[in-house]
Amino acid sequence: MDLTRTAFGSWSGGRFMHFGEALTDERYVQLVQRSYEKGTRTFVTADVYGGGRADTLLGEALKGIDRSTYSLVGIVGHDFYGGLRAGAKGYPRFTEPGLHAPEEYASYVQMATEKSLERCGTQKFDLLMLHNPDTTGYSSPVVWDALRAVKSKGLTDQLGIAPGPANGFTLDIIDCFERYGADIDWAMIILNPFEPWPGQHVLSAARKHDVKLLARVVDFGGIFHDDVKPGHKFRDGDHRSYRPKGWVEEGNEKLEKVRPIAEKYGLTMLQLSAIWDLSQEPVRSVVPTLIQEAGEGAKTIESKADELAALPDITFTAEEVKEIAAIGDNTGCMKLKGASERHEGQEARPDEWPMRGELLEVAKRWELGSTWAW
């Protein structure tokens, strides 16, 4: 089964990534089951979340449900089995120098995939994605040999790549498509009406290489859930605290500018964001973060799951897509992760590395400019 238009991410509910209030185990399981019953039939989990606990809870929620009626996406790449957690930076990638030699990549990927499947209570993923790769993960043929091997063993039907954790990696993703596009069925990118940049630059390359896109952060930090208003108080440790000062106020101003388009089609704001994504080929699925905000006026997370599941089959016109993107234009608003000329002379770090000449050639081929210093 391929991914459906709407997907549930195991990072929702504040259990494994700090967005809003953390749900209890019982409420989390019920939210997964409610999403399925309402019509969301794709579930995405990463093995590192909660040190495997996200896999386990998802498996508990889906236990007894006909496996052929939903799509399951697994994501592996952070070695929480043998690596040491580096505080807020999390666990290292399995490709980190000194952790695993290249000849050990295949055995690690197979082990991580099998353990994740066991926790999920199933035999096979519909899609397995490489999680937050470093520069080695994007470019090394040994990594992709390892991914092909688990597919050949029947542990997954499809392969993909899930860049992160922040925005960027654009040239790295396109270069990865050019190198390994024949093996890549899906890629996950950050894309929503108020963050069209830089994800929009990946669309043409994905179309050319027949890579389908799964869009995350569709909710734009909760703004499109329509209950994060000016003056909203985020709790200590909330992942949205990294965003620049004033982003909530600016986001709400933009929200009112696009609201008439939502009203024209009878959409909620979350549905508008999801349909804007899905109106652009090759975006085929959306996985917003479902958040239970604290305080008066907050919607229930269950109602947000219902909005997502009830997404109508509407496509915006090309003119409407452009109009919304113009309102949300965020070009140059942040320092991007991945390859950048601003890292020249530095050693590669897990999320940042110096620009390579071949990546500048990628930028030229795709008319993204000859200077890439964000």
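Open to solvent by 10 Å² or more (accessible area, probe 1.4 Å), modelled with pLDDT of 95 or more, touching a Phe, Trp or Tyr at 6+ places or on another chain (Cβ under 8 Å) and of a type in the set (A, V, I, L, M, F, W, C) - does that describe any residue in the range 31-53?
The answer is yes; a qualifying residue exists.
All but one of (1) open to solvent by less than 30 Å² (accessible area, probe 1.4 Å); (2) of a type in the set (D, E, K, R); (3) part of a helix (DSSP H, G or I) hold for Glu319, so report the exception by its number.
If we test Glu319 against (1) open to solvent by less than 30 Å² (accessible area, probe 1.4 Å); (2) of a type in the set (D, E, K, R); (3) part of a helix (DSSP H, G or I), just (1) comes out false.
Among (1) open to solvent by 30 Å² or more (accessible area, probe 1.4 Å); (2) more than 20 Å from the chain's Cα centre (by Cα); (3) under 26 Å from Val362 (Cα atoms), there is one condition Ala146 misses while meeting the rest; what is its number?
Here Ala146 clears every test but (1).
For the range 149-159, which positions are surrounded by fewer than 19 Cβ atoms within 10 Å (Cβ to Cβ) and either among the hydroxyl-bearing types (Ser, Thr, Tyr) or within 14 Å of the chain's Cα centre (by Cα) (or both)?
Result: Ser152, single match.
Given the criteria buried (at least 18 other Cβ atoms within 10 Å of the Cβ), in a loop (DSSP other than H, G, I, E, B) and at pLDDT 95 or above, does Glu307 qualify?
no
Any residue at all in the range 106-118 that's under 20 Å from Val32 (Cβ atoms) and touching a Leu at 6+ places or on another chain (Cβ under 8 Å)?
Looking through the range 106-118, at least one residue is under 20 Å from Val32 (Cβ atoms) and touching a Leu at 6+ places or on another chain (Cβ under 8 Å).
Starting from the range 211-235, keep only residues that are within 22 Å of Gln280 (Cα to Cα), then list their pairs with residues that are modelled with pLDDT under 95 and surrounded by fewer than 24 Cβ atoms within 10 Å (Cβ to Cβ) whose Cβ atoms are within a distance under 8 Å, requiring at least 6 positions of separation or different chains.
Listed pairs, sorted by first residue: Gly221/Arg240; Gly221/Arg243; Gly222/Arg240.
Looking at Ile161, Ile189, Ile173, Ile184 in this structure, which one is part of a loop (DSSP other than H, G, I, E, B), touching a strand residue (DSSP E or B) at 6+ places or on another chain (Cβ under 8 Å) and aliphatic (A, V, I, L, M)?
Going through Ile161, Ile189, Ile173, Ile184 in turn, the sole match is Ile184.
Kindly indicate the residue of the range 80-111 that is of a type in the set (A, V, I, L, M, F, W, C) and not in a loop (DSSP other than H, G, I, E, B) and also surrounded by the most Cβ atoms within 10 Å (Cβ to Cβ) among those meeting that condition.
Looking at the filtered set, the residue picked out is Val109.
Go through (1) open to solvent by 10 Å² or more (accessible area, probe 1.4 Å); (2) in a loop (DSSP other than H, G, I, E, B); (3) at negative phi one by one and return the number of the condition Gly231 breaks.
The single condition Gly231 does not satisfy is (3).
Taking the stated definitions as given, is Ala146 modelled with pLDDT of 95 or more and of a type in the set (Gly, Ala, Ser)?
yes
Only one of (1) in a loop (DSSP other than H, G, I, E, B); (2) without any contact (Cβ under 8 Å) to a residue 12 or more places away in the chain is not met by Trp374, so which one is it?
So the condition that Trp374 fails would be (2).
Exactly one condition in (1) within 30 Å of Thr268 (Cα to Cα); (2) open to solvent by 40 Å² or more (accessible area, probe 1.4 Å); (3) among the hydrophobic types (A, V, I, L, M, F, W, C) is false for Ile223; which is it?
It fails just one condition, (2).
Among the listed residues Glu296, Glu352, Glu361, Glu344, identify the single one that is touching a strand residue (DSSP E or B) at 6+ places or on another chain (Cβ under 7 Å), open to solvent by 40 Å² or more (accessible area, probe 1.4 Å) and either free of Cβ contacts under 8 Å to residues at least 40 places away in the same chain or aliphatic (A, V, I, L, M) (or both).
Values: Glu296 fails: touching a strand residue (DSSP E or B) at 6+ places or on another chain (Cβ under 7 Å); Glu352 fails: open to solvent by 40 Å² or more (accessible area, probe 1.4 Å); Glu361 fails: touching a strand residue (DSSP E or B) at 6+ places or on another chain (Cβ under 7 Å).
On inspection, the qualifying residue turns out to be Glu344.
Is there a residue in the range 160-171 that is surrounded by fewer than 21 Cβ atoms within 10 Å (Cβ to Cβ) and touching an Asp or Glu at 6+ places or on another chain (Cβ under 6 Å)?
No, the range 160-171 contains no residue that is surrounded by fewer than 21 Cβ atoms within 10 Å (Cβ to Cβ) and touching an Asp or Glu at 6+ places or on another chain (Cβ under 6 Å).
Only residues that are without any contact (Cβ under 8 Å) to a residue 60 or more places away in the chain, open to solvent by 50 Å² or more (accessible area, probe 1.4 Å) and assigned to a helix (DSSP H, G or I): list them for the range 112-126, please. Steps first, answer last, please.
Kept after step one, since they are without any contact (Cβ under 8 Å) to a residue 60 or more places away in the chain, are these residues of the range 112-126: 113-114, 117-118, 123-125.
Cutting the leftovers down to open to solvent by 50 Å² or more (accessible area, probe 1.4 Å) gives us 114, 118, 123-124.
If the condition is that a residue be without any contact (Cβ under 8 Å) to a residue 60 or more places away in the chain, open to solvent by 50 Å² or more (accessible area, probe 1.4 Å) and assigned to a helix (DSSP H, G or I), then Glu114, Glu118 are the ones that fit.
Quick one: which of Leu359, Leu368, Leu290 is part of a helix (DSSP H, G or I) and not basic (Lys, Arg)?
After applying the criteria, what remains is Leu359.
Just give me the residues in the range 284-293 being surrounded by fewer than 23 Cβ atoms within 10 Å (Cβ to Cβ) and within 15 Å of the chain's Cα centre (by Cα), in sequence order.
The one that is surrounded by fewer than 23 Cβ atoms within 10 Å (Cβ to Cβ) and within 15 Å of the chain's Cα centre (by Cα): Arg284.
The values are calculated or read from the model by the stated rules, or taken from the named source; none is laboratory data. These numbers were taken from a predicted model, which means no experiment stands behind them. Methodologically, a virtual Cβ is constructed for each residue, glycine included, from the backbone with ideal geometry; neighbour enumeration extends over all protein chains shown. Remember, those area values only see protein heavy atoms, side chains included, never the ligands or the DNA or RNA. Shrake-Rupley method; radii C 1.70, N 1.55, O 1.52, S 1.80 Å.
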